[in-house]
Amino acid sequence: MIRFILVILTAFLYLILSIPVLLVLLLIRKKKPEVCDKVSRALIRWIFRVILFFSGTKVTVKGQENIPKDRAVLYIGNHRSYFDILVTYTTVPGSCGFVAKKELSRIPLLKNWMELIHCLFLDRSDIKQGLQMILSGCEEIKSGTSICIFPDTRGKTESELELGEFHNGSFKMATKTGCPIIPLSISGSREILEAHFPKIRGTHVTVTYGKPIIPGELTKEEKKEIGNYTKNILLEQLKENA
């Protein structure tokens, strides 16, 4: 329980003590967007690393060479834990926003920090809002910010090889912009917390970035089944790390 308390306390103190910095960043966001982005990313990566340290989580990263350095991409990953965002954000290069559930936008301060790092909020029950979120994501990608989506809602099963359906709608940001899709597999993150909630245990997590999938190079059949196509690649990566 000590690790759990440390993690919760660290996150809470960061949100409270960083209010002055947050206010400054919000004020300069329009006039100096590049400075705002750089500082926001640095601070969030720093606090995520601190939380991972207190949780006893060690991260091994594979395949970072597969991530294009000259353009934004769409990361598609499996989702097993609340810690998936932490281990992902501390290992992806450059600017990257996440697609998060709308409920998180109701949490003061957390919402502001998420917006500063280009996160998008999705209401799964509102089709119109979902389409607007996709358009916003396309604009982010065109402006150079990568987007990360976990189409498989946070898994509750014990097996990492059981993934939910990957709906093709999750891939529209890539098919509309032509940006590469990077399969992102996360192994072991469920053992940090979800497998024995509320205890947090020191765990080794492996993050693997697969080879880019270029929408323009896919066959008509592969485009039609792009969700299953990407899902199968993720399953292969997970099997290799099992």
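The values are calculated or read from the model by the stated rules, or taken from the named source; none is laboratory data. Every value quoted in this text rests on a predicted model; they were computed, and no experiment measured them. Cβ coordinates were reconstructed from backbone atoms using ideal geometry, including for glycine residues, and neighbour counts include every protein chain displayed. Each accessible area value is taken on the protein alone, full model and side chains, heavy atoms only, with ligands, DNA and RNA left out. Shrake-Rupley method; radii C 1.70, N 1.55, O 1.52, S 1.80 Å.
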Sole residue being outside any strand (DSSP E or B), open to solvent by 20 Å² or more (accessible area, probe 1.4 Å) and among the small types (Gly, Ala, Ser), chosen from GLY216, GLY227: GLY216
Qualifying residue in the stretch 4-21 (condition: closer than 22 Å to PHE197 by Cβ, surrounded by 15 or more Cβ atoms within 10 Å (Cβ to Cβ), in contact with a Leu (Cβ under 6 Å, 6 or more places away or on another chain) and at pLDDT 95 or above): yes
Residues of the stretch 84-108 satisfying the condition of being in contact with a helix residue (DSSP H, G or I) (Cβ under 8 Å, 6 or more places away or on another chain), under 21 Å from LEU163 (Cβ atoms), of a type outside the set (A, V, I, L, M) and open to solvent by 10 Å² or more (accessible area, probe 1.4 Å): THR91
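Each row is one residue, and each column tells you yes or no for (1) under 21 Å from PRO180 (Cβ atoms); (2) crowded, with 19+ Cβ neighbours inside 10 Å.
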site: LEU74; (1), (2): yes, yes
site: GLY77; (1), (2): yes, yes
site: ARG80; (1), (2): no, yes
site: HIS118; (1), (2): yes, yes
site: LYS128; (1), (2): no, no
Residue in the stretch 151-168 that is buried (at least 22 other Cβ atoms within 10 Å of the Cβ), farther than 24 Å from SER55 by Cα, of a type outside the set (Phe, Trp, Tyr) and at pLDDT below 95 present: yes
Counted residues, the stretch 22-39 - those being within 16 Å of LEU110 (Cα to Cα) and surrounded by fewer than 16 Cβ atoms within 10 Å (Cβ to Cβ): 3
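Yes/no per residue for (1) free of Cβ contacts under 8 Å to residues at least 24 places away in the same chain; (2) among the polar types (S, T, N, Q); (3) under 17 Å from LEU184 (Cα atoms):
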{"site": "ARG80", "(1), (2), (3)": "no, no, yes"}
{"site": "VAL92", "(1), (2), (3)": "no, no, yes"}
{"site": "SER95", "(1), (2), (3)": "no, yes, yes"}
{"site": "ARG124", "(1), (2), (3)": "yes, no, no"}
{"site": "GLY130", "(1), (2), (3)": "no, no, no"}
{"site": "CYS138", "(1), (2), (3)": "no, no, no"}
{"site": "LYS142", "(1), (2), (3)": "no, no, no"}
{"site": "THR145", "(1), (2), (3)": "no, yes, yes"}
Residue match in the stretch 107-124 (condition: over 30 Å from LEU23 (Cβ atoms) and either assigned to a loop (DSSP other than H, G, I, E, B) or of a type outside the set (Val, Ile, Thr) (or both)): yes
Scope the stretch 185-213; condition in contact with a helix residue (DSSP H, G or I) (Cβ under 7 Å, 6 or more places away or on another chain) and open to solvent by 70 Å² or more (accessible area, probe 1.4 Å); matching residues: LYS199, ARG201, LYS211
Flag for THR60 being among the hydroxyl-bearing types (Ser, Thr, Tyr), closer than 30 Å to CYS179 by Cα and in a loop (DSSP other than H, G, I, E, B): no
All positions within the stretch 162-191 that are of a type outside the set (S, T, N, Q), closer than 13 Å to PRO215 by Cα, in a helix (DSSP H, G or I) and in contact (Cβ under 8 Å) with a residue 40 or more places away in the chain: PHE171, MET173, ALA174, LYS176
Residue in the stretch 131-151 that is under 17 Å from ILE47 (Cβ atoms) and in a loop (DSSP other than H, G, I, E, B) present: no
